[in-house]
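Worksheet: the structure to be examined is printed underneath.
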Amino acid sequence: MKASCVSVAKRWAVAALLVAACSTPPPPEAPSPHAIDAALLARLTDPGVASPERIERILAEGRPGNVAAIPTLRAVLSDKSQTAFVLVPSKTAAWGLVVAENPSALPVERGPERAMAVIALESIGSWRALADVLHAIDDRDGLTAVHAARAALRFGSRAGIPRLITALERKAYESETANRMLVDMSGVDFGFDADIGMQAKAEAVAKWRAWWKDRAKDPKPLVGEGPAYRMGLDPILDERIRTEVDIVGQFQFLFMEQSRRMLARLGAAALPFVEEGLVRAADKPTWRAGLAQALAGMDLPEARAILRRLAKDPFPSVRSRSVEALVAVEGEEGVSVFADALRDSDPSIPLAALRAAGSARRNDVLVVLEAARFTVKELEEASKVARFRIRRDSRDVAAMMEQVANGLPGGRAAALEALAEVYGVVLPDDATVDDRVRAAFLDEVRVRSAQENPPPGR
Amino acid sequence: MNRLRLLSVIAVLVAVGATVGWLSRGSGSPSTSVAELPRSGKPMTLARSSDCRPCHQEVYDEWAGSQHGLAYTNPEVQRLSKGFRDRDCLPCHAPRPIPETGLGERALERLVTLEEGVDCFACHKHHDTMLGGTHIAGAVDAPCNPVPSAAIKDLRTCTPCHDQHKVVQDWKETHYAVPGPGFKDCNGCHMPEVDRPATATLPARKGKSHRFPASHDLASLKSAASMKTSVDGRAVGIEVRNDGTGHNFPADERHRAVDLVIVAETSTGSVVSARIDRYRNPYRDEFDLKSPLRNPGAEAEWIADFGAAGRASVRATRVAAAFNPNRKQHYAENTQIPAGEARRYVVVLPESLRSVTVRLLYKRQPFLQDAEAILLHESVLRVGG
């Protein structure tokens with residue numbers, strides 16, 4: 001009996017051990033490096049404390065090397081105006097992140113706090129925040145946008161400098177901040193001040209624009225410009241960039257547009273990721289067309305080399321977007337791309353080339369254009385518009401007026417746009433459908449064309 | 001007995017199948033690769049929808065007057081896109097063939113034949129072939145090289161443009177998406193059956209209308225939602241219910257808005273009005289708009305301002321749908337009414353108002369005045385006993 005009891009007790013003990021072993025929780029998994037720290041986010045956005053206190057808490061996270069705080073600061077910074085999507089950690093996603101609609105769950109009126117989040121990200125000093133600050137250049141809050149532009153420079157990207165110059169024309173708190181940043185990074189001062197009067201301000205802004213036109217080509221680093229990012233330097237940022245390359249091929253067009261713009265701003269650093277993406281996009285024309293558009297936004301010879309390849313893509317929209325970007329670039333290459341495009345069997349491609357040649361006022365394609373014969377009416381009309389935009393010859397005005405009156409709908413719209421551009425008359429939004437609005441616009445064009453013959457090279 | 005048991009088993013299997021099908025609805029249809037779609041191997045020279053007209057006159061006429069046929073030339077679209085200077089609008093208003101871009105993939109733009117909008121090729125063309133229903137199998141000599149293909153009935157032909165604002169996702173949450181006798185997809189409502197010859201040489205037979213009735217069709221629009229009213233002293237009760245669609249009301253575009261409005265006559269004879277509520281998915285840059293009724297069952301109160309005539313208190317309730325009441329809501333600030341849901345209001349009017357008219361107004365874009373809107377429902381009431 002005793003033995004039996006011992007045996008039963010042993011069996012229970014073994015069973016208890018087995019149950020204990022089975023119920024022991026597995027060792028905790030390391031959290032995703034993209035995961036938001038919920039407790040920290042609650043502290044940084046605590047509605048129970050005043051904004052200055054929240055700002056202090058946000059800035060306190062800006063300790064050099066505090067990369068663990070980046071996803072949470074990203075959540076503070078996130079706003080639909082720059083990223084309509086959020087990236088959620090996922091074990092099953094190829095790059096550890098999936099896209100979701102930005103829920104805008106946090107109060108939207110938190111501009112100063114978003115600006116401080118950018119400063120904190122900049123202070124942490126890690127490339128890992130590069131994609132975030134490149135997006136934040138579009139933030140609807142001006143202060144956030146200019147701080148993002150400067151942070152981008154610290155992370156090796158000059159993509160925000162045009163935004164700083166634009167900020168000079170905005171309200172004082174934004175323009176003064178942008179001017180100080182420009183003076184600091186350039187070492188020059190054009191005397192901009194928010195209170196010096198409209199004329200003097202406009203002159204200072206013009207000087208900054210002229211400065212950047214030259215300085216943009218100079219590889220010598222600006223003051224505070226950090227080294228540029230390259231694939232492999234931060235595997236976590238690489239996952240983020242790859243995710244955004246994928247977004248370009250996904251469905252929601254605003255997400256696509258925002259990711260395309262971020263990649264264009266990333267510039268040379270984005271190219272290897274775009275190349276990888278093109279391999280993944282082998283059977284997805286929408287994705288390749290989106291990547292072509294991202295490349296078109298980069299003023300880089302390496303980007304143009306990829307676009308030359310895409311200009312021979314089997315899918316017409318990929319070709320037309322690539323051709324449009326290449327024809328817009330000065331130089332002999334643009335002429336040969338233009339000539340090739342005119343021979344493409346899909347009429348959308350010559351049409352894109354004609355539009356780009358007109359937009360870039362490429363005199364050097366006129367010989368090719370004059371020799372070309374078009375049998376498709378859309379192309380015939382597009383060639384007239386291109387010729388008018390390039391030559392700006394008042395003898396072409398009558399042809400444009402005729403096209404507005406009797407052209408195909410697309411040709412009419414293109415002729416209206418060309419007249420507006422050449423004579424500097426604002427084209428109303430409803431000019432294509434409202435007869436009275438269109439007549440008033442054309443009257444204004446007639447007055448200007450009578451006064452200015454030939455039209456000025458605006 | 002055995003037969004009964006067999007029928008029971010079949011019923012259970014059907015129910016399980018339906019449930020599994022419904023539960024797996026989020027994953028969409030299986031991928032159809034572009035490469036899997038048929039080709040004819042014969043040259044096809046058709047370039048414009050008008051080239052289809054000689055054989056398919058009646059279908060062509062339906063399409064030409066439809067919003068697909070008018071997708072580029074529609075004045076409202078021209079205004080909102082600034083004459084398509086906003087080029088992001090082109091992929092859906094002048095798309096390349098969806099079967100070539102990929103079913104369910106974002107559409108891509110063509111730059112020519114713009115005036116044809118969403119043309120015949122957008123849904124039917126796959127390289128040298130026009131995809132169609134099974135009846136076209138015999139038309140071997142037709143210049144469009146027709147090939148029967150299930151792709152033409154696949155709702156992923158619609159999603160590239162019509163799911164940009166999650167219409168199809170919203171539909172998947174409704175009972176219409178459950179496989180079985182009640183199943184209705186996009187074509188079920190927007191391509192109703194018609195009796196007419198598909199080609200000039202064939203007799204009339206049942207086909208699918210290419211008019212695509214939807215919000216531009218007054219009968220469809222009016223049947224989308226119902227409105228009931230009642231009066232108790234100075235309190236007006238209103239219920240607006242989405243009982244006619246398989247998706248949110250209004251659907252699709254963020255431009256669309258439906259306003260619930262009360263127009264009233266005052267004791268001095270002047271006419272005043274106030275908006276009680278608006279159903280709409282706001283633009284993403286309308287940062288200040290908030291939905292007061294985020295979840296089914298939610299209640300909220302607000303004020304409707306009749307100007308000098310006084311203010312009315314509004315108590316609103318979001319009434320859940322009977323089927324799948326807790327639906328996925330894609331946009332937090334969206335105030336559209338999901339299919340099957342209702343909004344109930346008790347509006348207590350100020351003393352100065354006498355005769356009131358409750359109107360449900362449809363606006364193709366949110367900036368239109370009430371006078372420019374389409375009247376869906378109207379109810380005239382005498383208040384105050």
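Every number in this text was worked out from the coordinates using simple rules, so none of it is lab data. Remember, it's a predicted structure, so these values are computed and weren't measured experimentally. Cβ placement follows ideal geometry from the backbone for every residue including glycine, while neighbour counts extend to all protein chains displayed.
Among B:L37, B:L360, B:L103, determine the one that fluctuates most according to a GNM of chain B built with springs between C-alpha atoms less than 10 Å apart. Greatest mean-square fluctuation among the candidates belongs to B:L37. Rounded to the nearest 500, the helix-only mean residue ellipticity at 222 nm of the protein assembly as shown stands at -12500 deg cm²/dmol, with each DSSP H run of n ≥ 4 adding -39,500 (n - 2.57). Using only alpha carbons, region B:118-195 has a radius of gyration to Kirkwood radius ratio (Rg to Rh) of 1.03.
Please rank A:I196, B:I262, B:I152, fewest neighbouring Cβ atoms within 10 Å first, as an exposure proxy.
Starting with the residue having the fewest Cβ neighbours, the order is A:I196, B:I152, B:I262.
Remark: region B:299-377 carries a charge dipole of roughly 240 debye about the Cα centre, counting +1 on each Lys and Arg Cβ and -1 on each Asp and Glu Cβ. Quarter the surface of the alpha carbon convex hull of region A:327-391 and you get the mean projected area, 3.5 square nanometres. A dipole drawn for the protein assembly as shown from +1 and -1 charges on Cβ atoms has a positive end, and of B:I98, A:V422, A:S259 the residue lying farthest that way is B:I98.
Kindly put A:S175, A:S322 in sequence by how many other C-beta atoms sit within 10 Å of each C-beta, fewest to most. Show your work: numbers first, answer last.
Working: A:S175 23, A:S322 30.
Fewest to most other Cβ atoms nearby, the residues stand as A:S175, A:S322.
With N the number of residues in the protein assembly as shown, Rg(Cα) / (2.2 N^0.38 Å) evaluates to 1.09.
Round to the nearest 0.05 the FRET efficiency obtained for A:R361 and B:D88 when R0 = 25 Å and r is the Cβ-Cβ distance.
Values: r = 25 Å, r/R0 = 0.99.
With a Förster radius of 25 Å, E is 0.50.
Note that region B:157-165 has calculated 3J(HN,Hα) couplings of 6, 8, 4, x, 9, 8, 10, 4, 10 Hz, one per residue in order, obtained from phi through the Karplus relation 6.51 cos²θ - 1.76 cosθ + 1.60 (θ = phi - 60°); glycine and proline are x. Cβ under 13 Å from A:P301's Cβ, A:P301 left aside: what net charge do those residues give with Lys, Arg +1 and Asp, Glu -1? Cβ neighbours under 13 Å give a net charge of -1.
Over the Cα atoms of region B:218-382, the radius of gyration divided by the Kirkwood radius equals 0.95; this is the Rg/Rh ratio.
Give me the net charge of B:Q365's neighbourhood, meaning all other residues with Cβ under 11 Å from the Cβ of B:Q365; Lys, Arg count +1, Asp, Glu -1.
On the way: positive: B:R79, B:R254, B:R256, B:R280, B:K363, B:R364; negative: B:E76, B:E253, B:E372.
Its environment carries a net charge of +3.
Separation of the alpha carbons by more than 29 angstrom is noted, of A:K91/B:K184; A:K171/B:K290; A:K312/B:K208; B:K166/B:K206; B:K42/B:K153, for A:K91/B:K184; A:K312/B:K208; B:K166/B:K206. Which residue, chosen from A:A202, A:M181, A:G156, occupies the Cα position most advanced towards the positive end of the dipole of chain A, where the dipole is computed from +1 (Lys, Arg) and -1 (Asp, Glu) charges on Cβ about the Cα centre? The one lying farthest along the dipole's positive direction is A:G156.
Express in nm, to one decimal, how much length is gained between A:R373 and A:D393 on full extension, taking 0.36 nm for each residue of separation and deducting their alpha carbon distance. If you can, show how the numbers build up before the last one.
Values: separation 20, 0.36 × 20 = 7.20 nm, distance 2.08 nm.
Extra length from A:R373 to A:D393 when fully extended: 5.1 nm.
Ranking B:V263, B:A274, B:V358 by how far each Cα lies toward the positive end of the dipole of region B:218-382 (charges on Cβ) leaves B:V358 at the top. Reported to the nearest whole Å, the Cα centre-to-centre distance from region B:183-249 to region A:244-266 is 36.
Rounding to the nearest 20 debye, state how big the charge dipole of chain A is about its Cα centre with +1 on each Lys and Arg Cβ and -1 on each Asp and Glu Cβ.
Details: 61 positive and 62 negative charges, 221 e Å.
Dipole size: approximately 1060 debye.
Taken one residue at a time, the phi angles of region A:325-336 give Karplus couplings (6.51, -1.76, 1.60, θ = phi - 60°) of 5, 6, 5, 6, 8, 4, x, 4, 4, x, 5, 5 Hz. Gly and Pro are set to x. In this label model, A:A305 and B:I303 are separated by 6.7 nm, measuring between points 7 Å along each Cα→Cβ vector. For chain A, the longest principal axis of the alpha carbon atoms and the long axis of helix A:348-359 meet at an angle near 70°.
About its Cα centre, region A:38-215 has a charge dipole of approximately 500 debye under the convention of +1 per Lys or Arg Cβ and -1 per Asp or Glu Cβ, with nothing else charged. Radius of gyration (Cα atoms) of region A:38-215, expressed as a multiple of 2.2 N^0.38 Å: 1.10. GNM, chain B, Cα, under 10 Å: largest mean-square fluctuation among B:R327, B:R318, B:R79? Comparing B:R327, B:R318, B:R79 in a Gaussian network model of chain B, the most mobile one is B:R79.
Calculated FRET efficiency, B:A332 and A:D443, Cβ-Cβ r, R0 35 Å, to nearest 0.05?
On the way: r = 48 Å, r/R0 = 1.36.
Step by step, r from the Cβ atoms, then E = 0.15.
Tell me the net charge near A:E380. Cut-off is 13 Å between Cβ atoms, A:E380 excluded, with +1 for each Lys or Arg and -1 for each Asp or Glu.
Details: positive: A:R373, A:K377, A:K384, A:R387; negative: A:E378, A:E381, A:E402.
It works out to a net charge of +1.
Based on the alpha-carbon gyration tensor of region B:29-208 and its eigenvalue square roots a ≥ b ≥ c, which shape applies: rounded if a/c is under 1.5, prolate if not and a/b is larger than b/c, or oblate? In terms of gyration-tensor shape, rounded. Counting other Cβ atoms within 10 Å as a rough exposure proxy, the listed residues A:W127, A:W211 run A:W211, A:W127 from fewest neighbours to most.
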